[in-house]
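Below is one structure; the comments refer to it alone.
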Amino acid sequence: MRFAPPNPLRIADRASGLNAPSVRSYNERLVLSLLLQNEGTTRLEIGEKTGLSAQTVSVIVRSLEQEGLVAKGEAQRGRVGPPTIPMMLNPEGAFSVGVSFGAWSADVVVIDFVGGVRFHKAHAYAELHPTATEAPLQAAIEAAVEVVPAHLRDRIAGIGLAVPDEATIGDDLMRLVGRDLPSAQARIESALGLPVFMQNDITAAASGESLFGVARSLSDFVFFYLGARLHSRLILNHQIYNGKAGASSDVGLSNLADALAELGMTFRPLNEWPDLTGTAKPVYDAWRLRARTRIRSSVEALLDFVRVQSIVLSTYAPLAVAELLRAEIAEMLPGIDVQLGRGMISPKAWGAASLPYHSRFMVQ
C-alpha cells in the first residue's frame, strides 16, 4: 500500500514526476518546496536558502519553467541594479484529485498546484453504491478529472484518498469500498491509470494545511478538525503525531445537529444552516462552550510536555460559526495564535488532494 505523506510530513518517497517514470532530483524537489512555502522567491534568494550555486539554480528553474511547473512573477524595481524577477509555482503546473469519506457524504475535489479548489462535489452515499455492472465512485472521480481542461490532463499528479480509522469505518463506506482498502486503491488506480495515495483522513487534512494552508510557515502547531466529531493532531518539526486521545463526539457538528433536532430544527451541517440567533441560540451557545472548553483542556494538557504557540482549527462549518469559535478559543488561550484553516470547502478531501504533491514533488 502506498501512503503519503510519509512520516515525517514532507519527506518524499521519490515517486515519479507527472507522467514520466524518472525520479525528480532532490534539488528540483528542494526548489519546488521552497517556492511553495515562499511566494515570489528570486533566483538569488533560492540560492541563499538552499545553498545551491547560481548556475545550478538557473538550470533547475529553467527546466521547471519549461515543464510549466513554475512561472515568472512581475519584475520588482526600486533596488540598485536591474529589476529582480520572482519565481512562483504555476497554478496550472499540476492538478490533483482528492476524495474523503465523511459522516454524511463522500466529497471529491480537484485542486491546482497552489492548492486552489477547481472543483468540489459532495456525493450522498446512496448515489455511490457499486453494482455488478457499475462503479459509481470511479465514475465520480472520472467526472472530476474531466473538469481539468483536456490539454492539461497529463498534468494530473494523482488521486488522494482520505479514509477514516478502520475502527470507525461505517456501513456506508464498507459497502462503497469494502474493508479491504488496498484492493479498492488498486482498482481505482487500474481503472483511471493514475497513481492513488491513501492516508488517514485527519492526518490528510493536517497535511493539506501544512502544505497549502495557514500552517505552511509553521513547524509546530496543534491541529483540530471539527467535523462530525472533534479530532486533533500534534505537529512538531513538520512531523504529524496522532495521540491516543480519541475523537470527541460530544462537541462535534453531529452533536450540535442532534441538539437542534430536539428543537425541531432538522438539518445536516453540510447543507444550509438554520437561524442560530433565535430559539436555537441557547443550544448553540452551550455547544460552543463545550467545544472551546474541550479544545482548551487538550491544549493545556499538552503544554505540560511541549511548547506550541499555534493552533489551526479546520472545519467545514460556515465562516461565521468558525470565526466566532476561533475568537472564543483565542480568548480562552491567551498567548496562543489561533487560526482558521484554509481548506474550508472540504478539509479532508482538500488534504487528500495534497497527498500526490507531497509524494511526487516535495522534500522535507
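Here the Karplus relation 6.51 cos²θ - 1.76 cosθ + 1.60, evaluated at θ = phi - 60°, turns the backbone of the range 210-218 into coupling constants of 6, 7, 10, x, 5, 8, 5, 9, 9 Hz, with x for every Gly and Pro. Of the peptides 34-43, 278-287, the order by per-residue mean of other Cβ atoms within 10 Å, starting with the highest, comes out as 34-43, 278-287. A simple count of charges around ARG292, restricted to other residues whose Cβ falls under 15 Å of its Cβ and scoring Lys, Arg +1 and Asp, Glu -1, yields -1. For the range 322-364, how big is the tail of P(r) above 13 Å, as a whole percent of Cα pairs? Percent of Cα pairs beyond 13 Å in the range 322-364: 65. Hydrodynamic radius of the range 219-303 by the Kirkwood approach over all distinct alpha-carbon pairs: 14.1 Å.
For GLN239, the residues whose amide H sits under 5 Å from its own are LEU9, ignoring neighbours fewer than 5 places away on the same chain, with H placed 1.01 Å from N. Here's the picture: a label point sits 7 Å out from the Cα of ALA301 along the beta-carbon direction, and within the range 205-239 the residues with their amide nitrogen under 14 Å of it are 230-234. Near THR266, once Lys and Arg are set to +1 and Asp and Glu to -1 for all other residues with Cβ below 14 Å from its Cβ, the sum equals -3. Solvent exposure of the range 301-364, expressed per residue, is 37 Å² of accessible area, with all protein chains present and a 1.4 angstrom probe. Taking 19 Å as the straight-line reach from the Cα of LYS49, the aspartates and glutamates in range (excluding those fewer than 8 positions away in the same chain) are GLU28, GLU39. For the range 233-242, backbone phi angles converted through the Karplus equation (6.51, -1.76, 1.60; θ = phi - 60°) give residue-by-residue couplings of 9, 9, 10, 10, 6, 6, 9, 8, 10, 9 Hz, Gly and Pro being listed as x. Where the alpha-carbon atoms of the range 267-364 are placed on the principal axes, they occupy 51, 37, 15 Å, in descending order.
The values are calculated or read from the model by the stated rules, or taken from the named source; none is laboratory data. Being a predicted model, the structure only gives us computed values, none of them experimental. So basically every Cβ, Gly included, is an ideal-geometry build from the backbone, and we count neighbours across all protein chains shown. Note: areas computed on protein heavy atoms with side chains; ligands, DNA, RNA excluded. Shrake-Rupley method; radii C 1.70, N 1.55, O 1.52, S 1.80 Å.
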